[in-house]
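The values are calculated or read from the model by the stated rules, or taken from the named source; none is laboratory data. Not measured: the values here are computed from a predicted model. Positions of Cβ are backbone-derived with ideal geometry, glycine not excepted, and every protein chain shown enters the neighbour counts. Only protein heavy atoms, including side chains, enter the accessible area calculation; ligands, DNA and RNA are left aside. Shrake-Rupley method; radii C 1.70, N 1.55, O 1.52, S 1.80 Å.
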Amino acid sequence: MHDRIAVLRADRRVSRKELADAVGVHPQTIGYLERGEYSPSLALALRIARFFDLPVEAVFSLDPLPSLSQELRRTP
């Protein structure tokens, strides 16, 4: 499982603790997710996507995610 949690947190200036509190998990869980050591449940993935106001597939993927700058260059 691949994700953009760290990038999204940095962009929005949100700490691991703030995100964890908002989605109902321990801050360590956010760290595990960001390092790829843990795959979220569907419910957790949806809560994280909702927190960032993004579709879940913009945050999580089974395949490596391209950088956001690459995606922006592809958008017409």
Cα-centre dipole for the chain with unit charges at Cβ (Lys and Arg positive, Asp and Glu negative), debye to 20
200 debye
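Using helices alone, I'd like the mean residue ellipticity at 222 nm for the chain: each DSSP H run of four-plus residues gives -39500 (n - 2.57), total over residue count, nearest 500. Kindly include the intermediate steps, with their values, before the conclusion.
Numbers: 6 runs with 45 residues, N = 76.
When only DSSP H runs of four or more count, the value is -15500 deg cm²/dmol.
Counting only protein heavy atoms, what percent of the accessible surface of the chain is carbon or sulfur at a 1.4 Å probe? Let's see the in-between values first.
Numbers: 2760 of 5120 Å².
Roughly 54 percent of what the probe reaches on the chain is carbon or sulfur.
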Expected field for SER41, accessible surface area in Å² at 1.4 Å probe radius, rounded to 10, holds 60 Å²
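Suppose all protein chains stay in the model; what accessible area per residue would a 1.4 Å probe give for the stretch 1-69, in Å²? Spell out each step's value before the answer.
Values: 4260 Å² over 69 residues.
That works out to 62 Å² for each residue.
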Apply the Karplus parameterisation 6.51 cos²θ - 1.76 cosθ + 1.60, with θ equal to phi minus 60°, to every residue of the stretch 57-62 and state each ³J(HN,Hα) to the nearest whole Hz, in sequence, with x for glycine and proline.
6, 7, 9, 10, 7, 7
Dividing the mean separation of Cα pairs under 8 Å (6+ apart) by the residue count of the chain yields a relative contact order in percent of 39 percent
Tell me which DSSP H helices of the chain clear both cut-offs, 24 Å or more of axial length from alpha-carbon atoms and a mean Kyte-Doolittle hydropathy of at least -0.5.
none
Obtain the nm distance between the two label points defined at SER39 and ASP11 by a simple spin-label model: each point lies 7 Å from its Cα along the Cα-to-C-beta direction.
2.5 nm
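Given that compact globular proteins tend to follow 2.2 N^0.38 Å, what is the ratio of the alpha-carbon Rg of the chain to that value? Spell out each step's value before the answer.
Numbers: Rg = 12.1 Å, N = 76, 2.2 N^0.38 = 11.4 Å.
Ratio of Rg to 2.2 N^0.38 Å for the chain: 1.06.
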